[in-house]
Amino acid sequence: MDFQPYIPGMIPAQPGPLARFTPPLEDGVIAAWLPAHASAGSWVLDPFGFSSRLVVEAARAGYRVLVTVNNPVTRFLLEMSADPPSETDFKAALADLAAVKKGEERFGAHLQSLYSTACEKCGTEIYADSFLWRKGADAPFARVYTCPHCEDSGERVVTPEDIEKAKQIAATDGLHRSRAFERVAALEDSDRVYAEEAIEHYLPRPLYFLTSIINRLDSLNLTPERRRALNALILVACDAGNTLWDHPSARRRPKQLNVPGEFREHNLWLQLERGLSQWTETASSVVVEAWPQRLPESGGICIYEGRLKDLAEEVKKAIPIKAVIGSLPRPNQAFWTLSALWAGWLWGREAVEPYKPALRRRRYDWAWNATASNAAFTHLFGLCHLGTPFFGLLTEPEPSFLTSALTAASAAGFDLQSIALRTQHDPIQLLWTCGERLKRQPNEAEIEDVREAICAHLLERGEPASYLHVHAAGLVALVKAHALKQKDQEFDEALRSTHALIQTALEEDPRFVHYSSGESVDTGLWGWSAVYPESASTTPPNPSVAPLPQNDTKESLSDRVEIEIVTFLQKHPNSIYREIEEDLYPRFPGLLTPSMGMIYAVLSSYAQKEKSEWRLRAEDLASARRDELTRITSSIQVIGKRLGYSTRKQDKNYLWEQNGRLERTFYILASALLGRALAETPYPPEQTIIVIPGGRAALAAYKAQRDPSLAARLKKVQVVKYRLLRTLIDLPVLTRETFEEQIAGDPLEKSKSQLMMF
């Protein structure tokens with residue numbers, strides 16, 4: 001497999017509406033990938049329609065994008081992202097809503113009054129930002145506010161008036177809840193019970209707020225653009241009004257409709273106002289048409305509202321699909337169920353009808369995901385020509401999600417060409433091509449293929465890896481062998497067999513070392529050692545385990561990344577971060593992609609940032625470091641003589657000896673290449689001192705913290721900084737005892753720099 005480099009993007013400054021449910025993608029990735037696989041003006045297909053950001057980016061890059069969407073909310077997000085109303089329309093729509101009369105009161109003032117509370121400090125009536133609830137309670141226990149009069153702010157205990165107001169609203173809840181049901185399912189509808197269950201995730205006050213607005217929609221005399229704008233703001237309030245906002249905010253991306261133990265009830269009028277900034281786009285609009293309308297060659301979006309299988313076969317003849325892109329859907333019962341509610345509230349029962357299965361289903365496991373994904377891949381296979389590339393993004397990755405995606409695609413006839421993985425916090429980038437029409441004969445999965453692939457990855461990496469990385473390496477081996485799913489095998493069984501095979505490959509070979517405080521195979525890190533770890537030193541080799549490559553590891557990934565970044569900065573001073581990434585990732589493709597944390601750890605150690613550009617510090621220029629190495633070498637020799645030792649150089653080590661017996665050995669680094677220093681020091685660890693610049697301490701600590709095998713080896717040696725040796729030179733009285741005390745008091749962990757672990 002030809003592993004491709006990871007394509008870096010930019011984290012969006014504004015993630016947009018419903019961001020906790022939409023795929024967390026970086027901007028610029030699709031626009032960077034497409035030109036190498038399809039010319040501008042070509043037709044591109046997104047078979048999932050899961051990410052409006054991805055589709056709009058492709059259209060703005062000059063491509064005609066055909067996208068299938070069966071979720072009415074996702075479709076609305078796509079249309080609004082591609083062609084949003086003006087900021088003026090948003091403001092006017094909200095002003096029109098606020099100006100409607102409710103009796104003698106303006107509607108906006110009435111809705112805001114629902115969140116009124118008294119400032120604890122000055123007693124003035126103000127509006128709370130939110131109220132805090134405990135699960136099952138009939139009133140909030142706290143409120144969060146910022147008083148504009150006395151500037152008192154924070155979390156405060158609720159007043160009796162706050163509790164009474166919440167109970168008064170709850171007293172009329174039945175009527176408003178009934179209206180909310182009617183917008184989604186009729187009284188005699190068998191799916192009404194599912195709508196009722198879903199609406200239970202709205203407290204009385206936000207439900208009253210939302211139904212009051214929705215009931216006013218038809219009576220508002222709004223232009224089509226202002227109606228779209230108001231619907232967009234209401235959608236933000238619909239999301240903000242449910243009970244899935246835990247307090248404190250730990251579960252930022254909910255997948256299930258589970259009420260947290262403590263949760264936040266937002267002020268929905270404030271959410272309407274804040275929705276303005278979420279929806280307002282600065283980029284130019286793109287053409288949006290409904291299928292079967294055609295698009296100009298300059299690019300645009302053609303939306304097919306339905307499922308991929310319903311696209312006519314003539315699409316393949318009428319629209320030559322040059323490439324496929326898409327963010328692979330991750331099961332999300334919370335978003336899919338709430339989408340059915342929101343669609344009914346905003347557009348009526350007719351909008352919900354095609355999407356009602358989302359209301360009924362309560363559990364989505366990975367076998368269901370693989371089955372559904374395989375159906376989509378199979379229909380996609382029928383629409384694509386041989387060799388059509390498919391660039392897929394798998395967000396919030398985990399081993400089960402990746403196994404599901406690769407199994408579904410392989411079983412449908414797609415050939416995996418590349419996989420690029422950075423960390424478990426970043427999207428995995430997958431490249432498939434549409435394979436031959438003839439069905440391939442699957443092969444039996446061989447544990448030795450998996451074990452050898454994982455071993456090869458760890459040797460290439462030169463350091464332990466996360467379980468996601470080693471799992472991916474094992475999956476790639478099974479993809480190559482066409483052994484992820486057997487003929488007539490159910491996806492549930494196929495997924496379980498794959499996971500069991502990879503787990504067995506790791507656990508039954510003592511040369512794989514598990515660095516974890518837990519017993520689960522998917523926790524911690526996995527490393528490789530041709531020498532059995534101490535915990536397994538008494539365990540005889542398993543005769544059924546075939547011999548694998550010995551401990552012929554390269555320098556660690558983090559050491560190689562350090563070398564490449566410094567070399568790049570020496571040749572290209574004043575470089576921005578993106579330029580560094582674009583040079584680095586092709587050198588470490590596929591599963592070796594270095595994390596942003598690793599890159600920043602190196603940059604923070606060697607360089608300084610001025611505005612947006614990175615430049616090597618003056619003391620880290622090659623000439624300055626050579627002079628410093630000379631001075632440190634001299635210091636070691638001077639200190640050794642003062643302590644009564646003879647000094648000499650042996651290869652790359654400086655030795656202190658007495659009567660021909662080795663007392664201390666020094667390895668001097670200008671870098672943080674600790675692995676290299678340990679490999680090139682053949683002397684007893686307890687006599688070894690590695691000397692590094694003080695500016696490398698944070699980087700060295702970062703490496704030790706992310707690599708437990710390196711940390712274990714470093715515990716046997718001493719690492720000291722240049723400045724300690726300079727200090728020792730100036731001590732008027734220096735004995736062997738004080739020398740030992742001084743070097744023991746200068747641990748690596750004293751670095752005050754913040755360590756970036758990912």
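Remarks
- Residue match in segment 597-618 (condition: closer than 30 Å to His425 by Cβ, crowded, with 16+ Cβ neighbours inside 10 Å and of a type in the set (S, T, N, Q)): yes
- Every condition in (1) closer than 30 Å to Ala31 by Cβ; (2) surrounded by fewer than 19 Cβ atoms within 10 Å (Cβ to Cβ); (3) not β-branched (Val, Ile, Thr) holds for Leu295 except the one numbered (2).
- Top-ranked residue of segment 667-697 - restricted to ones that are crowded, with 21+ Cβ neighbours inside 10 Å and assigned to a helix (DSSP H, G or I), ranked as farthest from the chain's Cα centre (by Cα): Ala677
- Looking across segment 1-58 at every residue that is outside any loop (DSSP other than H, G, I, E, B) and of a type in the set (Phe, Trp, Tyr), the one that is nearest to Ala472 (Cα to Cα) is identified as Trp33.
- Failed item in (1) without any contact (Cβ under 8 Å) to a residue 40 or more places away in the chain; (2) touching an Asp or Glu at 6+ places or on another chain (Cβ under 6 Å), with Ala367 passing the rest: (1)
- Single match in Leu203, Leu217, Leu230, Leu257 (criterion: crowded, with 21+ Cβ neighbours inside 10 Å and within 26 Å of Ala166 (Cα to Cα)): Leu203
- Residue ID - farthest from the chain's Cα centre (by Cα), chosen from residues in segment 108-150 that are crowded, with 17+ Cβ neighbours inside 10 Å, small (Gly, Ala, Ser) and closer than 19 Å to Leu207 by Cβ: Gly108
- On the stretch given as segment 159-199, residues that are among the acidic types (Asp, Glu), crowded, with 20+ Cβ neighbours inside 10 Å and modelled with pLDDT under 90 total 0.
- Selected residue [within 23 Å of the chain's Cα centre (by Cα), surrounded by fewer than 19 Cβ atoms within 10 Å (Cβ to Cβ) and farther than 20 Å from Phe414 by Cβ] from Pro24, Pro15, Pro35: Pro15
- When Glu155 is tested against (1) within 40 Å of the chain's Cα centre (by Cα); (2) surrounded by 15 or more Cβ atoms within 10 Å (Cβ to Cβ), just one condition goes unmet, and that condition is (2).
So that you can scan it fast, the table gives a plain yes or no per residue for (1) among the hydroxyl-bearing types (Ser, Thr, Tyr); (2) in contact with a Ser or Thr (Cβ under 8 Å, 6 or more places away or on another chain); (3) outside the structural domain of Ala698 (by TED's automatic domain parsing):
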{"site": "Gln608", "(1), (2), (3)": "no, no, yes"}
{"site": "Lys611", "(1), (2), (3)": "no, no, yes"}
{"site": "Arg642", "(1), (2), (3)": "no, no, no"}
{"site": "Ser646", "(1), (2), (3)": "yes, no, no"}
{"site": "Trp656", "(1), (2), (3)": "no, yes, no"}
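- Checked against the criterion of being in contact with a helix residue (DSSP H, G or I) (Cβ under 8 Å, 6 or more places away or on another chain) and under 19 Å from Gly136 (Cα atoms), the candidates Leu210, Leu230, Leu257 yield just one match: Leu257.
- Segment 395-406: number of residues that are buried (at least 22 other Cβ atoms within 10 Å of the Cβ) and aliphatic (A, V, I, L, M): 2
- Subset tally (residues that are touching a helix residue (DSSP H, G or I) at 6+ places or on another chain (Cβ under 9 Å), charged (D, E, K, R), under 23 Å from Thr433 (Cβ atoms) and not in a helix (DSSP H, G or I)) for segment 477-499: 1
- Listed by position, the strands (runs of 3 or more DSSP E) inside segment 116-197 whose residues that are more than 17 Å from Leu210 (Cα to Cα) and free of Cβ contacts under 8 Å to residues at least 60 places away in the same chain number at least 1 are 116-118, 125-127, 142-146, 153-157.
- Test for Pro427: is it at pLDDT 95 or above, touching a Ser or Thr at 6+ places or on another chain (Cβ under 6 Å), more than 26 Å from Asp522 (Cβ to Cβ) and surrounded by 19 or more Cβ atoms within 10 Å (Cβ to Cβ): no
- Between Leu270, Leu257, the distinction of being of a type in the set (A, V, I, L, M), at negative phi, in contact with a Ser or Thr (Cβ under 9 Å, 6 or more places away or on another chain) and modelled with pLDDT under 95 belongs to Leu257 only.
- Being modelled with pLDDT of 90 or more and more than 22 Å from Arg362 (Cβ to Cβ) is a property that Tyr202 lacks.
- Matching residues, segment 597-615, being hydrophobic (A, V, I, L, M, F, W, C) and closer than 18 Å to Asp559 by Cβ: Met598, Ile599, Ala601, Val602, Leu603, Ala607
- Every condition in (1) of a type in the set (D, E, K, R); (2) part of a helix (DSSP H, G or I); (3) under 28 Å from Glu493 (Cβ atoms) holds for Glu353 except the one numbered (3).
- Matching residues in segment 309-359 - criterion: being of a type in the set (A, V, I, L, M, F, W, C) and under 27 Å from the mean Cα position of the chain (by Cα): Ala323, Val324, Ile325, Leu328, Ala334, Phe335, Trp336, Leu338, Ala340, Trp342, Ala358
The values are calculated or read from the model by the stated rules, or taken from the named source; none is laboratory data. In this text the structure is predicted, and so the values were computed from the model without any measurement. Virtual Cβ from ideal backbone geometry, glycine too; neighbours counted across all protein chains shown.
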